[in-house]
1. Just name one of 87, 53, 64: the one whose Cα is farthest towards the positive end of the charge dipole of the chain (beta-carbon charges, Lys/Arg +1, Asp/Glu -1).
2. How about the range 37-67: which trypsin sites (Lys or Arg not before Pro) there are in a DSSP loop, with at most 16 other Cβ atoms within 10 Å of their Cβ?
3. Under 22 Å between alpha carbons: how many lysine pairs meet that in the chain, if sequence neighbours fewer than 8 apart on the same chain are excluded?
4. Gap in Å between the Cα centre of the range 19-50 and the Cα centre of the range 79-98?
5. Viscosity 0.890 mPa s, temperature 25 °C: what is the translational diffusion coefficient of the range 7-99 from Stokes-Einstein with a Kirkwood Rh over Cα pairs, rounded to a whole number of µm²/s?
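Read-outs throughout are calculated quantities, based only on the coordinates presented, and are distinct from any laboratory measurement. From a predicted model like this one, the values you see are computed outputs, not experimental measurements. Cβ placement follows ideal geometry from the backbone for every residue including glycine, while neighbour counts extend to all protein chains displayed.
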Amino acid sequence: MGFPISAALLDSMVLAIVEKEDTYGYEITRNLREVADVSESTLYPVLRRLQKNMLLETYDREYMGRNRRYYRVTAKGITALDDYRAQWQHHKEMIDSILEK
């Protein structure tokens, strides 16, 4: 049994991954798959939404003769991620107060 991942939680996880270092879509998916069942087809709409909200920005970098789109967290994205982390901590504490013995 698993727990569903909300859009806000997925947004925060993507921002946290990209905050560590600029990276590209497949690598973000690979990182997410370590903790959740997420496909690339799920990820790309998330990346577009984060870009539209100016939380991520993109640039192209050549890799093996081809351009690869990289994502970088903006200052607004860092602020949003800090807010997500605070909300997550509060949510986690509330859930833990019920689940933990």
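1. Farthest along the dipole direction, towards plus: 64.
2. In loop regions of the range 37-67 (DSSP not H, G, I, E or B), there are no sparsely surrounded trypsin sites (Lys or Arg not before Pro).
3. Close lysine pairs found across the chain: 4.
4. Rounded to whole Å, the Cα centres lie 21 Å apart.
5. Reported coefficient: 176 µm²/s.
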